[in-house]
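Enquirer: Below are the structure tokens for one structure; questions will follow.
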Amino acid sequence: MKYQSRMIAMASMAAFALAGFSPAALALDVEAAKDLAEQNNCKQCHGIKKDKDGPSFLKTAEKYRGKANAEDEIVKHLTSGKKVKLADGSEENHKIVKTMPPNDMAQIKNLAQYILSTQP
Ligand code: HEC
């Protein structure tokens, strides 16, 4: 009997995890992330599913799927302005995301989570 109720508890915990009920997932504000990407012209170089000058958000999500440091890596990418290569072979510093107020890490993390949550 004891064993059985423990199994039930474990099964419901697994269902919870599968449904994605983690605090991070609940915190994602999709509309805010889309607005921020819009304001920063990210879509000029990134499609959701289509590669342009840069990889699609889906490709980035797949690259980092299951990696613990994914959000940090994206945040770093969006704040450091490292040199990137465009499709025509020219190089420029990657856009540093602009927020209102400036350098609002909560907004930048939200955008990173949004990119990483892209599904096929
Ligand atoms: C002028 C074109 C351009 C603009 C504008 C641009 N990007 Fe990029 N982005 C690139 C290119 C090119 C790469 C590929 C870099 C590489 O692979 O070295 C890239 C890479 C990325 C990556 C992948 C980083 C990784 O670690 O794999 C993310 C995420 C990203 N950009 C997000 C954004 C966001 C968000 C914005 C808007 C704030 C933005 N980009 C604006 C060209 C652009």
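Enquirer: May I ask you to verify whether Lys109 is surrounded by 16 or more Cβ atoms within 10 Å (Cβ to Cβ), modelled with pLDDT of 95 or more and among the basic types (Lys, Arg)?
Expert: Yes; evaluated as a whole, the condition is true for this residue.
Enquirer: A further question follows. Just checking, does the stretch 81-95 include any residue being within 9 Å of the ligand (Cβ to nearest atom) and closer than 13 Å to Thr118 by Cβ?
Expert: no
The values are calculated or read from the model by the stated rules, or taken from the named source; none is laboratory data. Predicted, not measured: the structure shown is a model, and the values here were computed from it. All Cβ positions, glycine included, derive from the backbone under ideal geometry; neighbour counts span all protein chains shown.
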